[in-house]
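Presented below is the structure to which this report refers.
The values are calculated or read from the model by the stated rules, or taken from the named source; none is laboratory data. Only a predicted model underlies this, so the values are computations on that prediction, with no experimental measurement involved. Quick reminder, even Gly has a Cβ in these numbers, built from the backbone with ideal geometry, and neighbours come from all protein chains shown.
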Amino acid sequence: MLDPAGRRAYAADLGLDKVLIYRFDAATGSLTPNDPAFAAVPPGSGPRHIAFAPDGRNVYVIDEIASTVSAFQYDPETGALREFQNISTLPEGFTGSSSTAEIVAHPSGRFLYGSNRGHDSIAIFAIDHASGRLSAAGHQSTGGKTPRNFEIDPTGTYLLAANQDSGSIIVFRIDQNTGQLAPTGQRVEVPMPVCVDMTMEEAR
């Protein structure tokens, strides 16, 4: 994941429990270790994917093993990340087996979403504008098994969840005031979907 300025690259290393930080040379495509060279998450968390807040002030890392989100303040001058929150992606009292996969910030900067494989849901968080802190705002079943990946369309209107083990992509409408998800009834059958990537071109 590149930072908003395209000057640094961030890599979530599950085995090291670190987010590795590199300086990125756009002219050559080369990476060199940054100083600082990494940010750590709690031991055993297993960081998987990264999402920058749209305003670029904060970074959110979803932890696959611990089923948590680690929130960091981002220093655009040095590239350093400073953790200020760690919050569960699972509902209180859940005792089953689950792990996380994707994390995506809403284009408005008001909401953050993460996928739970096992609980088979999208965790919904509200983002405090002033502090960047997250508060749990509920869960939405993905209507299938093992939601490995999902994507929000560029307008922020829809979320598409890919259920790897049930071979389906389910479309949800996003409530712009609350961040809640509502199934639209649109379902696409795709064998073992593992990634959704969406682009939008301007009409000519």
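Some notes on this structure:
- Val194 vs. criteria under 21 Å from His49 (Cα atoms), surrounded by fewer than 18 Cβ atoms within 10 Å (Cβ to Cβ), aliphatic (A, V, I, L, M) and under 15 Å from the mean Cα position of the chain (by Cα): yes
- In the set (1) touching a Leu at 6+ places or on another chain (Cβ under 9 Å); (2) under 20 Å from Phe125 (Cβ atoms); (3) not assigned by TED's automatic domain parsing to the domain that holds Asp175, Tyr113 fails one condition alone, (3).
- For the stretch 97-153, the set of residues classified as over 20 Å from Arg187 (Cα atoms), touching a residue at least 12 places away in the same chain (Cβ under 8 Å) and of a type in the set (D, E, K, R) consists of Arg110, Arg133, listed by residue number.
- Residues of the stretch 51-63 classified as surrounded by fewer than 19 Cβ atoms within 10 Å (Cβ to Cβ) and touching a strand residue (DSSP E or B) at 6+ places or on another chain (Cβ under 9 Å), total: 4
- Scanning the stretch 1-37 for residues that are of a type outside the set (A, V, I, L, M), exposed (fewer than 11 other Cβ atoms within 10 Å of the Cβ) and in a loop (DSSP other than H, G, I, E, B) returns Gly6, Gly15, Thr28, Gly29.
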